[in-house]
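Chemist: Sharing a structure with you now.
The values are calculated or read from the model by the stated rules, or taken from the named source; none is laboratory data. Predicted, not measured: the structure shown is a model, and the values here were computed from it. Positions of Cβ are generated from backbone atoms using ideal geometry, with glycine treated the same way; all protein chains shown enter the neighbour counts.
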Amino acid sequence: FPVAPEKEKEDMQFAKKYLENFYDFKEEKHSLFKAKNLSHMTDKIREMQSFFGLEMTGELNQKTLDMMKQPRCGIPDVRS
Amino acid sequence: YSTFPHSPTWKKEDVTYRILNYTPDMLQADVEEAIARAFQLWSSVTPLRFTRVYGGQADIMISFAAGFHGDFYSFDGPGGTLAHAYPPGSGIGGDAHFDEDENWTKFTTYSGYNLFLVAAHELGHSLGLSHSNVFGALMYPIYMAVDTRNYQLHQDDIDGIQALYGPPKESDAPPTKAFPPQEPTEMVPAEAPTPMSPREEPTEMTPSRPPQRPDDCDPHLTFDAITTLRGETLFFKGSYVWRKSPYFSEIEHDTISSFWPSLISGFDAAYEVDKRDRVLFFKDDQYWAVSGYRIDSGFPKPIQNLGFPSSVRKIDAAVHDQSTKRTYFFVGNKYWSFNENTQSMERGYPRKIAADFQGIGHPIDAALQKNGYFYFFHGSSQYEVDIKRKKLIRIMKSNSWFNC
């Protein structure tokens with residue numbers, strides 16, 4: 001079934017926080033170009049999928065979300 | 001493996017640590033033992049020695065805290081982030097923080113996190129390792145509930161830490177002994193022998209040398225379990241796996257945790273149902289199913305699900321006959337026949353092994369079907385049996401498959 005819009009928004013928030021914590025994702029809060037943020041986040045999702053050997057779709061699919069929800073260490077996987 | 005930017009390390013071999021507080025989830029002695037064992041994992045593969053101090057500033061300060069706890073990385077409540085630690089350096093450098101909102105346990109259970117496992121990972125950071133993307137490595141960022149009784153570092157972890165500190169000195173570093181508590185204690189210099197009152201015998205660490213894998217051609221080699229898997233043959237003993245592949249002449253040496261990190265070790269039995277691409281592992285009265293590296297969800301299950309009476313608490317060996325679609329389970333001097341098509345035990349069982357498998361008059365450690373024959377392993381001997389003709393063909397050494 002299509003994912004309920006509310007849950008999708010929640011997942012997106014969760015994923016953003018995860019990528020900020022562990023993949024050095026920095027959302028440009030005041031960026032006028034929403035698309036730019038989105039593509040930046042897609043790149044970071046792809047980077048996380050690559051680290052965990054998931055298919056590098058750049059999409060926040062269920063497998064990627066499940067991996068993000070695993071209990072883990074608080075140290076980033078990637079850092080600038 | 002990976003290290004932190006500029007690869008910070010401790011510029012000395014004697015590193016101190018101090019446990020600042022305890023989690024109420026465990027006995028203090030269990031916390032201390034978990035931490036000491038975690039340090040011992042790393043000291044056994046490097047020249048580093050770890051000394052516990054009871055006051056003042058130590059290189060590695062260990063503490064439990066929840067939520068905001070004075071650094072920039074607040075904890076997030078139960079689940080999610082379990083702990084974090086800082087690379088070698090002054091001040092907060094090397095310190096390890098554990099989220100008190102988790103349930104910390106001494107053993108690997110489904111209701112909490114094994115403190116030894118998480119501490120060993122975090123201390124890897126305290127020594128300068130960052131995360132590894134090798135599934136099954138200790139420095140993999142995600143927590144894997146594995147059996148820690150004879151936990152072994154993954155080769156990737158050893159390569160990483162030895163890239164920073166090199167291998168242990170030739171002479172075995174004496175196991176790190178905890179100095180007895182004195183109040184107020186400054187760091188006791190390692191050369192100052194401290195008179196131990198009889199009750200304060202130095203606490204011996206877990207053995208400084210992890211148990212070794214037996215040699216392939218050790219004539220006394222025995223196995224816990226053996227199974228085929230997608231055309232290969234896997235031989236199990238303790239946490240070790242010997243992998244024989246038709247594609248390579250060499251025998252590959254692995255550990256169970258390198259294939260299935262969350263599986264226990266020390267299987268009693270294992271067999272493959274080739275048509276389903278499934279291998280089942282048995283330990284005591286439970287069993288697991290895997291497909292390749294993936295562990296099927298919903299396991300472990302009780303072996304009674306297969307139709308065993310409650311009096312059966314473990315099985316010795318199992319083997320699937322691909323031609324008849326029957327799986328034979330061996331328990332003591334009896335065996336059961338399980339119909340994989342109907343998924344049920346056949347009537348008229350158990351039967352005596354000796355009645356149907358000529359020449360096999362004793363309990364079996366492991367069983368295998370290969371090239372149409374059955375192979376039954378008992379201690380360091382292996383019996384090749386032609387099932388159809390119910391004939392014992394020959395007796396060999398258990399490790400005859402290793403080109404000895």
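Chemist: Against the definition (modelled with pLDDT of 90 or more and not in a loop (DSSP other than H, G, I, E, B)), how does A:E20 come out, yes or no?
Modeler: yes
Chemist: Check region B:91-106 and report whether any residue there is under 14 Å from the mean Cα position of the chain (by Cα) and more than 9 Å from chain A (Cβ to nearest Cβ).
Modeler: no
Chemist: Go through region B:219-242 and count every residue that is closer than 20 Å to B:V273 by Cβ, touching a strand residue (DSSP E or B) at 6+ places or on another chain (Cβ under 9 Å) and at pLDDT below 90.
Modeler: Summing the residues that are closer than 20 Å to B:V273 by Cβ, touching a strand residue (DSSP E or B) at 6+ places or on another chain (Cβ under 9 Å) and at pLDDT below 90 in region B:219-242 gives 3.
Chemist: Just to be sure, is B:A58 in a loop (DSSP other than H, G, I, E, B), within 28 Å of the chain's Cα centre (by Cα), touching a residue at least 60 places away in the same chain (Cβ under 8 Å) and more than 19 Å from B:M26 (Cβ to Cβ)?
Modeler: When the stated conditions are applied, B:A58 does not pass them.
Chemist: Follow-up. Quick check on B:A58: is it within 14 Å of chain A (Cβ to nearest Cβ), over 17 Å from A:R72 (Cβ atoms) and of a type in the set (A, V, I, L, M, F, W, C)?
Modeler: no
Chemist: Using the structure shown, decide if B:F357 is at negative phi, surrounded by 14 or more Cβ atoms within 10 Å (Cβ to Cβ) and at pLDDT below 95.
Modeler: yes
Chemist: Can you tell which of A:Q49, A:Q13 is modelled with pLDDT of 95 or more, closer than 25 Å to B:A83 by Cα, polar (S, T, N, Q) and not in a strand (DSSP E or B)?
Modeler: Result of the check over A:Q49, A:Q13: A:Q49.
Residues checked against (1) out of contact with any Leu (no Cβ under 8 Å at 6 or more places or on another chain); (2) part of a loop (DSSP other than H, G, I, E, B):
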position: B:D101; (1), (2): yes, yes
position: B:T108; (1), (2): no, yes
position: B:E122; (1), (2): yes, no
position: B:Y140; (1), (2): yes, yes
position: B:V146; (1), (2): no, yes
position: B:Q152; (1), (2): yes, yes
position: B:D156; (1), (2): yes, no
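Chemist: For region B:67-90, what are the residues that are away from chain A (no Cβ under 13 Å) and either surrounded by 15 or more Cβ atoms within 10 Å (Cβ to Cβ) or touching a Lys or Arg at 6+ places or on another chain (Cβ under 6 Å) (or both)?
Modeler: Result: B:P88, B:G89.
Chemist: Six or more apart or on different chains, Cβ under 6 Å: which pairs go from a residue in region A:24-42 that's modelled with pLDDT of 85 or more to one that's assigned to a loop (DSSP other than H, G, I, E, B)? Could you list them?
Modeler: Note: pairs meeting the criteria are A:D24/A:V78; A:D24/A:R79; A:D24/A:S80; A:T42/A:G58.
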